[in-house]
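For reference, the structure discussed in these notes is given below.
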Amino acid sequence: MDVTRDFATAAEQLAHVGRRFDARSWVLGTSGNLSVVIDRNPLRLAITRSGAPKGDLTADAIIEVDEGGAAVLPDAGRPSAETLLHLEIARVRAAGAVLHTHSIWSTVLSAQFLRAAGIAIDGYEMLKGLEGVPTHAHREWIPILENDQDMIRLSGRVRRLLAEHPACHAFLLHRHGLYTWGQTLEQAVRHVEIVEFLLEAVGRTNRHVADI
């Protein structure tokens, strides 16, 4: 997909999304990170600054990074520590936006289902909110990946996971939350809303999780 987006517009949009997600308790404190592709060749992202609280996120906390994850303007601050993951997803999935939330349910379920390496969700009407899913009679597999503080190593593992699961709309990092994406920011936001709903529905109906 050919993407060219004005950085200032992208920054304002990401700030709005960050505040919305904080209000839903999906990115509390300084958790989570959000990005939009502003150019494809060479790849450039608008992405949240490291340590930026999302509840009062402003466009000033959004940084432009190049295809290697470095800030385009040297005095712009430090981009999210997980910038390499955003770049990898943008490349492999040809995504226009990548969003990472850190909700209670994504965190709890990522630990609960780690041994299974993922969560299978089917039968929910809300599945139809995922791009390309026409019916509730759909089985969505959300893979779970062990977390790692080495972002180069982890981005390589993300690349392999996405290749192994080409139909997945999202994945979880163990005790670290949800990653999803979309061709547009609007689609990526919708995927966050849908997957967070589905994870909470699974969590609330799973006896073992409910007993934690």
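The values are calculated or read from the model by the stated rules, or taken from the named source; none is laboratory data. This one's a predicted model, so the numbers in the text were calculated from it and none came from an experiment. Cβ coordinates were reconstructed from backbone atoms using ideal geometry, including for glycine residues, and neighbour counts include every protein chain displayed.
Being of a type outside the set (A, V, I, L, M, F, W, C), farther than 19 Å from Gly177 by Cα and in contact with a Leu (Cβ under 9 Å, 6 or more places away or on another chain) narrows it down to one of Arg78, Arg91, so name that one. Reasoning before the result, please.
On the way: Arg78 fails: in contact with a Leu (Cβ under 9 Å, 6 or more places away or on another chain).
One residue alone meets the criteria, Arg91.
The strands (runs of 3 or more DSSP E) found entirely in the range 94-212 that carry 1 or more residues being at pLDDT 95 or above and surrounded by fewer than 20 Cβ atoms within 10 Å (Cβ to Cβ) are 118-122, 139-145. Would a scan of the range 16-23 turn up a residue that is farther than 22 Å from Arg190 by Cα, crowded, with 16+ Cβ neighbours inside 10 Å and out of contact with any strand residue (DSSP E or B) (no Cβ under 7 Å at 6 or more places or on another chain)? The answer is no; no qualifying residue exists. So, in the range 4-58, of the ones that are part of a helix (DSSP H, G or I) and among the aromatic types (Phe, Trp, Tyr), which residue ends up farthest from Gly69 (Cα to Cα)? Per the stated criteria, the residue is Phe21.
Conditions tested, residue by residue: (1) in contact with a helix residue (DSSP H, G or I) (Cβ under 7 Å, 6 or more places away or on another chain); (2) in contact (Cβ under 8 Å) with a residue 40 or more places away in the chain; (3) β-branched (Val, Ile, Thr).
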| position | (1), (2), (3) |
| --- | --- |
| Leu85 | yes, yes, no |
| Glu88 | yes, yes, no |
| Val108 | yes, yes, yes |
| Leu114 | no, yes, no |
| Ala117 | no, no, no |
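Remark: Leu57 falls outside the filter, which requires a residue to be within 16 Å of Ala95 (Cα to Cα), at pLDDT 95 or above, among the aliphatic types (A, V, I, L, M) and surrounded by 15 or more Cβ atoms within 10 Å (Cβ to Cβ).
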